[in-house]
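The values are calculated or read from the model by the stated rules, or taken from the named source; none is laboratory data. These numbers were taken from a predicted model, which means no experiment stands behind them. Cβ atoms come from the backbone with ideal geometry, glycine included; neighbour counts cover every protein chain shown. Ligands, DNA and RNA are stripped out before the accessible areas are found, and what is left, the full protein with its side chains, is counted by its heavy atoms. Shrake-Rupley method; radii C 1.70, N 1.55, O 1.52, S 1.80 Å.
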Protein chains: 2
Amino acid sequence: MILDGSTPISVGDLARRRKTVRKFSSESFDLSLIVECIDVAKEAPSGKNAQPWHFVIVSDSGLKKRIREVCEDGEKRFYSHVRGELAEWLRIKGLSWEKPFLTDAPYIIAVFSHKKSPFSRESVWLAVGYLLLALEERGIASLTYTPPNRDEVAELLECPAEYRLEVLIPLGFSEDDKPKEPRRSVEEITSMNYFGVKLSREG
Amino acid sequence: MILDGSTPISVGDLARRRKTVRKFSSESFDLSLIVECIDVAKEAPSGKNAQPWHFVIVSDSGLKKRIREVCEDGEKRFYSHVRGELAEWLRIKGLSWEKPFLTDAPYIIAVFSHKKSPFSRESVWLAVGYLLLALEERGIASLTYTPPNRDEVAELLECPAEYRLEVLIPLGFSEDDKPKEPRRSVEEITSMNYFGVKLSREG
């Protein structure tokens with residue numbers, strides 16, 4: 001289901017509706033929808049208006065397969081070293097070195113930051129916030145996935161030396177039945193005037 | 001003018017409408033509007049769902065004055081060392097060490113990241129993207145401003161050692177007539193399959 005965008009949904013409703021999805025249908029859709037979303041993301045503010053972002057849309061099946069192989073190689077090395085609380089959390093969540101979403105999803109957006117721009121990484125991640133909401137508005141599910149060996153993936157995608165891979169965002173229609181992970185309440189994460197001073201709704 | 005949110009605007013229209021504002025009216029508005037926006041921001045995804053963000057809403061005039069003093073002290077030191085291209089850019093943009101927006105704006109949101117959470121800064125900046133769009137939806141103008149001496153400002157706000165100040169976001173009604181800074185086209189910032197391969201709309 002693609003929403004046509006003629007009846008906009010509030011940012012709050014989009015943000016609450018969006019959840020992290022790790023299982024995608026292989027059903028594809030028109031590339032222009034993704035280009036529209038990147039066109040939204042590029043409106044984000046950035047340090048010195050340097051617009052330090054670059055987006056690579058991956059649709060080629062062979063290349064997605066290769067990305068998956070490189071990421072899974074990195075993940076195997078990562079998992080072989082994980083211990084303690086993180087290992088337990090990964091086990092409970094059913095996460096492993098296997099990343100089928102990288103080949104199942106019809107598209108992956110690889111997002112890069114320009115290394116030397118001021119506040120480059122901050123600006124790029126702010127733009128990723130815009131991007132995820134624009135995708136959700138169109139009924140497109142997404143995952144923000146950063147492989148442990150990002151430089152190897154960047155090289156595969158022929159990333160020039162002055163850019164850094166920030167994240168891979170597989171996109172598509174959700175086949176993930178898991179509910180959204182709960183969030184803490186706004187009162188728990190907000191203070192008034194000084195850090196730790198409880199929010200008073202009177203202002 | 002506050003939009004009532006009963007007629008939502010698309011994410012794209014909000015993103016295109018939002019511009020960086022450096023001059024604010026001192027006119028205030030209800031704190032609950034800001035709390036609503038933080039309630040949207042907290043829906044962002046985060047590494048390990050750690051929700052590594054904390055928001056401090058500053059409304060106290062004396063505290064805003066003190067924040068401005070500390071930031072301007074840091075800016076004076078920064079400006080005394082700026083040379084070359086950046087100095088020229090600052091001059092052209094009419095920017096200086098003076099930061100009146102820190103006392104003019106009725107509110108500042110100080111955004112903090114939890115230092116030890118995975119992908120903490122990335123997650124917090126992604127949530128800032130959500131926050132800016134939620135503010136814009138309510139007709140609230142904003143600026144993302146990170147002082148050069150962020151640790152001094154964090155200390156003033158009684159930030160605990162395990163958090164880091166990411167950004168100060170002064171908020172209010174715009175009195176800034178400057179147009180939005182132009183953005184490069186989506187074609188310039190997007191590649192197909194490999195970095196640098198021109199986007200083909202056929203996909």
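For this structure, a couple of remarks:
- Legend: distances between Cα atoms for A:K115/A:K180; A:K42/B:K42; B:K42/B:K116; A:K65/B:K116; pairs beyond 24 Å are A:K115/A:K180; A:K65/B:K116.
- Relative contact order (%) - chain A, alpha-carbon pairs under 8 angstrom, separation at least six: 34
- With the helix formula -39500 (n - 2.57) applied to DSSP H stretches of n ≥ 4, the protein assembly as shown reaches a computed 222 nm mean residue ellipticity of -11000 deg cm²/dmol.
- Interface residues, segment A:130-153 - accessible area loss of 10 Å² or more versus chain alone, probe 1.4 Å: A:Y130, A:L132, A:L133, A:E137, A:T144, A:T146, A:R150
- Kirkwood hydrodynamic radius (C-alpha pairs) into Stokes-Einstein, the protein assembly as shown, 10 °C and 1.306 mPa s, D in µm²/s: 73
- Chain B - charge dipole about Cα centre, Lys and Arg +1 at Cβ, Asp and Glu -1, debye rounded to 20: 600
- Segment A:92-173: C-alpha gyration tensor shape, a/c 1.5 cut-off, then a/b vs b/c: oblate
- In this label model, B:E155 and A:E188 are separated by 3.2 nm, measuring between points 7 Å along each Cα→Cβ vector.
- Accessible area per residue (1.4 Å probe, heavy atoms of protein chains only) ranks A:H81, B:H114, B:H54 as A:H81, B:H114, B:H54, with the largest value leading.
- Qualifying GluC sites (Glu not before Pro) for segment B:122-177 [loop in DSSP, other Cβ within 10 Å: at most 16]: B:E158, B:E162, B:E175
- Sorted largest first, extent of segment B:4-50 alpha carbons per principal axis (Å): 40, 26, 25
- Hits among aspartates and glutamates - C-alpha to C-alpha of A:K198 under 15 Å, sequence gap 8 or more where chains match: A:E187, A:E188, B:D60, B:E158
- For chain B, alpha-carbon Rg and Dmax in angstrom: 18.3, 58
- Apolar share of the accessible surface for chain B: 49 percent from carbon plus sulfur atoms, 1.4 Å probe.
- Summed buried accessible surface, chains B and A, 1.4 Å probe, nearest 100 Å²: 7000
- The base-10 log of I(q)/I(0) for segment A:1-112, evaluated at q = 0.22 Å⁻¹, reads -1.28 [Debye formula, identical scatterers on Cα atoms, solvent excluded].
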